[in-house]
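The values are calculated or read from the model by the stated rules, or taken from the named source; none is laboratory data. Remember, predicted model here, so these are calculated numbers, not experimental data. Cβ coordinates were reconstructed from backbone atoms using ideal geometry, including for glycine residues, and neighbour counts include every protein chain displayed.
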Amino acid sequence: MLGRRSVDVASPAANDGAMFKTVVLALDGSEHAERALQAVAELAGDGAVDTIHLLNVVPPRASEMVLSAESYIEIEHAYVATLGYETDLGRELLVRANQKLKASGAKWIQEHVISGDPAKRIVDLAEEVDADLIVMGRRGLGGFTGALLGSVTRRVQHEASTAVLTVV
């Protein structure tokens, strides 16, 4: 795990009439993820959410490819060099999302920047925090790898044991 930052020091409300006690919001910087953020902001503004876990997953680059050992090592070194940069971008994305959610009335927000397979990490976090709902955009920034391996959204919908709201 790359990092976790608790934003508020107060504990979340004990489900005081909120529709969802815990929501995981997966963000990758895409337009669809921005719309998912807006949907959660509206839920928070209506008092329908107690706790929001913001998640950005930094996908492993070299491990997604079939390469010779020499090429793999070169790409892995480049990935390690850019990992800090991508992690910083993920943190900035979550800080901006946090500010938007706070402005909408959200009170308890945690930020998570994690490295790994995006679908697996989203599902794992939802299970870890006992989420009632996962919210994510229908399309992200997956590009060629996403098309080759199947969309993250589709995998989360298939693997999650909780409700998944996909926003177009």
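Across region 1-36, the qualifying residues are those that are assigned to a helix (DSSP H, G or I), surrounded by fewer than 21 Cβ atoms within 10 Å (Cβ to Cβ) and not acidic (Asp, Glu), and the one among them that is modelled with the highest pLDDT is 35.
Filtering region 87-112 to residues that are at pLDDT below 95 and crowded, with 23+ Cβ neighbours inside 10 Å leaves only 90. Of all residues in region 14-31, those that are under 15 Å from residue 109 (Cα atoms) and of a type outside the set (Ser, Thr, Tyr) have Cβ atoms under 6 Å from Cβ atoms of residues that are at pLDDT below 90 and assigned to a loop (DSSP other than H, G, I, E, B), 6 or more apart or on another chain, in 21/15.
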